[in-house]
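Presented below is the structure to which this report refers.
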Amino acid sequence: MTTYRETALTNSYEFTAGAGYELPEYPFVEPPELHATTPVRHPVVIVGGGITGLTLACSLARLGVRAVLIDEDNTVGVKGASSRGICYTQKSLEIFERLGIFERIAAKGVQWSVGRTFAGDDEVYSFDLRQQGQYHLSQQPPFINIQQFYIEGFLVERIQELGPVDLRWQNRLTGFEQNADFATLTIETPAGTYRLEAEHVIDATGSHSPLRKWLNVPFDSRRGDDRWCIADVRFSTHPPQERHTWIEAPFNENRAVWQHLMADDVWRIDYQMAPNADPEYVSREDVVRERLARQFGPDVQVEIVWVGPYAYRSECVHAMRHGRVFLMGDSAKVVSPFGARGGNTGVADADNLAWKLAAVLGGKADATLLESYNDERLDAARQNVCVTNRTARFLRPADGTERLFRQAAIGLAKQHPFARALINTGRMAVANPYARSRACTYAAASAAGQSVQNVGFEWADGAQGDVNDLLNWAGGDLLVLVFGDLPAAALQRLRRLCLDAPVRSVQVLGTNGAAQALEHVRDPQGHLRGACHVLGQEPDHAWALVRPDGYLAATGETINAQLVAAIERSLGLRGNQP
Ligand SMILES: Cc1cc2nc3c(=O)[nH]c(=O)nc-3n(C[C@H](O)[C@H](O)[C@H](O)COP(=O)(O)OP(=O)(O)OC[C@H]3O[C@@H](n4cnc5c(N)ncnc54)[C@H](O)[C@@H]3O)c2cc1C
């Protein structure tokens with residue numbers, strides 16, 4: 001019997017091939033603390049400069065918060081130039097737009113909205129995300145495909161442009177302790193070891209998080225024997241730009257295959273392997289070429305950019321805060337790659353915590369607001385783990401009922417449209433709603449906890465604007481959008497509120513209607529109203545309290561004590577439990 005070396009269950013790679021990608025290298029600069037006699041204390045130290053840590057650093061920099069980010073590496077991506085995330089969701093793209101890197105992503109990446117799923121030679125299911133109501137109003141497309149390291153590189157450039165965050169490469173966290181007032185970090189560099197203190201520590205060290213081990217963080221874990229091998233390739237011919245997935249690919253021994261176009265004309269093809277396949281063998285160049293020839297024909301010219309096998313696990317911590325440490329991205333949860341939820345939810349974790357840290361450090365919110373990070377993002381993490389585990393079970397069903405169900409679903413889907421919903425090759429990531437947050441006010445029929453799409457409207461002078469413009473203008477404060485006419489007393493109350501609290505308000509009018517507030521916009525097609533989930537027609541009064549991360553803290557009808565209470569709650573000033 002042949003015994004193969006186990007693939008490391010790390011969602012990373014051991015055996016790789018191909019010319020690889022060229023990644024930027026950032027210089028090591030001696031940190032000033034190296035020669036300090038007493039440790040310097042920083043408000044925020046971010047450990048890990050992957051997509052999650054860098055998004056947080058960029059968000060904080062944009063809000064003017066000083067922070068230090070350390071990373072043990074001197075580049076973006078993974079050493080060995082491995083291929084990881086490719087699909088970025090509308091919500092992430094909206095966040096990146098606020099951070100000022102969306103244009104660069106759109107220019108480099110590939111937009112797609114059509115997905116097709118095949119079993120054998122039959123197409124069993126297809127969709128066009130642009131036709132789906134939840135996607136088509138945003139200024140950002142449903143998805144962009146781009147190699148993860150490009151986004152990380154754009155974030156680094158942007159952080160450097162913005163200023164307040166100190167990026168420290170080749171700085172490895174090797175020791176940690178914390179007390180009620182601060183944490184102390186021991187950091188190793190090529191020039192020696194130093195210590196620094198932090199009021200808040202962000203663990204963005206990914207799925208091997210050392211902090212998670214040191215803090216003894218409890219988590220749930222699940223692993224299987226599903227094995228995949230990625231081939232990043234350039235072709236002499238061009239398959240369609242759509243996302244194609246095969247549940248059973250005739251050219252891959254009836255196992256699954258994914259096919260996506262990324263930046264630089266590189267196609268990412270993921271092949272499902274036999275359980276316990278030898279990772280070294282499946283990523284050998286001749287074996288990869290043979291697989292590609294089976295799919296695209298013997299004559300196709302293929303340049304192999306990068307190849308690597310992977311296995312996956314799913315994990316989720318029980319809590320995303322441990323004293324002064326906030327876990328985010330893969331250090332908090334690891335999901336299978338199906339549905340593009342790993343990186344995208346790391347970006348959302350970062351966007352969630354950034355404005356809260358900025359508000360607390362800026363004295364605008366109470367420190368208890370930080371507890372809502374756990375309420376909101378742990379719930380999201382659990383949802384994402386659950387959704388991706390279901391897909392993983394569909395793609396690698398256990399023998400017995402699971403396999404029987406899959407066969408029945410495929411058979412039915414080929415014949416009957418109703419059964420297509422049962423085909424699960426990955427439920428693409430969405431902005432997770434927050435249903436149990438102490439920072440949201442859940443009145444009956446309210447849309448609290450929903451994400452607001454980056455829809456367009458008209459400024460008072462007729463120019464085009466969008467929700468992100470309003471959030472940028474609010475500069476980290478809460479935004480009250482008031483729809484329709486306002487009684488004089490309400491207008492006065494609103495003015496008072498904006499003077500007393502970190503709140504900016506804007507009146508949203510329809511096509512007609514006279515402006516009563518200096519800050520007003522027009523929403524002739526009702527897109528802004530719809531994005532805020534505020535139902536009803538003019539002249540109905542309604543308000544939406546929008547947070548700096550584009551989520552609704554509360555909605556209501558009249559400018560009264562309810563709005564005041566909702567503002568207080570969303571700043572942690574009412575000690576409510578979730
Ligand atoms: C095959 C595959 C396909 C995927 N496809 C997608 C996709 O399409 N879309 C998507 O959204 N996600 C996808 N993912 C998931 C995505 O790649 C991860 O979820 C994402 O990289 C997690 O980012 P992170 O910043 O949390 O962690 P990481 O990217 O792992 O970054 C952690 C960082 O911490 C640093 N670090 C670690 N330890 C220390 C230390 N002690 N001191 C200092 N620094 C340290 C590391 O150098 C690294 O830079 C995919 C993953 C795989 C494997």
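Things worth noting here:
- Here V302 does not qualify as over 20 Å from G224 (Cβ atoms), more than 10 Å from the ligand (Cβ to nearest atom) and open to solvent by less than 20 Å² (accessible area, probe 1.4 Å).
- If you go through segment 208-243 and keep only what is open to solvent by 20 Å² or more (accessible area, probe 1.4 Å), in contact with a strand residue (DSSP E or B) (Cβ under 6 Å, 6 or more places away or on another chain), within 15 Å of the ligand (Cβ to nearest atom) and at pLDDT 90 or above, you end up with W214, L215, F219.
- Residues considered: V156, V124. Of these, the only one that is over 23 Å from the mean Cα position of the chain (by Cα) and open to solvent by less than 10 Å² (accessible area, probe 1.4 Å) is V124.
- Residue within segment 176-194 that is open to solvent by 20 Å² or more (accessible area, probe 1.4 Å), in a strand (DSSP E or B) and modelled with pLDDT under 90 present: no
- Per the listing F118, F182, F149, F143, the residue uniquely away from the ligand (no atom under 14 Å from the Cβ) and either under 26 Å from D232 (Cα atoms) or under 25 Å from the mean Cα position of the chain (by Cα) (or both) is F118.
- Every condition in (1) in contact with a Lys or Arg (Cβ under 6 Å, 6 or more places away or on another chain); (2) at pLDDT below 90 is met by T441 except one, and the failing one is (2).
- Selected residue (criterion: farthest from the chain's Cα centre (by Cα)) from residues of segment 185-204 that are within 12 Å of the ligand (Cβ to nearest atom), among the hydrophobic types (A, V, I, L, M, F, W, C) and more than 18 Å from P27 (Cβ to Cβ): L185
- Considering G53, G49, G77, G64, the condition of being within 24 Å of L167 (Cβ to Cβ) and in contact with a helix residue (DSSP H, G or I) (Cβ under 6 Å, 6 or more places away or on another chain) is satisfied by G77 alone.
- Only one entry of A408, A398, A431 meets the criterion of being surrounded by fewer than 21 Cβ atoms within 10 Å (Cβ to Cβ), assigned to a loop (DSSP other than H, G, I, E, B) and not hydroxyl-bearing (S, T, Y), and that entry is A398.
- Check on R84, basic (K, R) and under 30 Å from G530 (Cα atoms): no
- Contacts under 6 angstrom Cβ, first residue in segment 232-257 being in contact (Cβ under 8 Å) with a residue 60 or more places away in the chain, partner of a type in the set (K, R) and surrounded by 14 or more Cβ atoms within 10 Å (Cβ to Cβ), 6 or more apart: D232/R268; E242/R116; H244/R116
- Against the numbered list (1) assigned to a helix (DSSP H, G or I); (2) buried (at least 24 other Cβ atoms within 10 Å of the Cβ), L378 comes up short only at (2).
- Meets criteria (assigned to a strand (DSSP E or B), modelled with pLDDT of 95 or more and hydrophobic (A, V, I, L, M, F, W, C)) for A198: yes
- Neighbours by Cβ (under 6 Å, 6+ apart or cross-chain): first from segment 86-103, in contact (Cβ under 8 Å) with a residue 12 or more places away in the chain; second open to solvent by less than 10 Å² (accessible area, probe 1.4 Å) and of a type in the set (G, A, S): T89/A429
- Residue list for segment 363-403, filter: basic (K, R) and in contact (Cβ under 8 Å) with a residue 12 or more places away in the chain: K364, R377, R382, R390, R396
- Some residue of segment 319-340 being among the basic types (K, R), open to solvent by 10 Å² or more (accessible area, probe 1.4 Å) and within 15 Å of the ligand (Cβ to nearest atom): no
- Search result, residues across segment 434-469 that are within 15 Å of Q140 (Cβ to Cβ) and part of a loop (DSSP other than H, G, I, E, B): V452, Q453, N454, V455
The values are calculated or read from the model by the stated rules, or taken from the named source; none is laboratory data. These numbers were taken from a predicted model, which means no experiment stands behind them. Note that we place each Cβ from the backbone using ideal geometry, even for glycine, and neighbour counts take in every protein chain shown. Ligands, DNA and RNA are stripped out before the accessible areas are found, and what is left, the full protein with its side chains, is counted by its heavy atoms. Shrake-Rupley method; radii C 1.70, N 1.55, O 1.52, S 1.80 Å.
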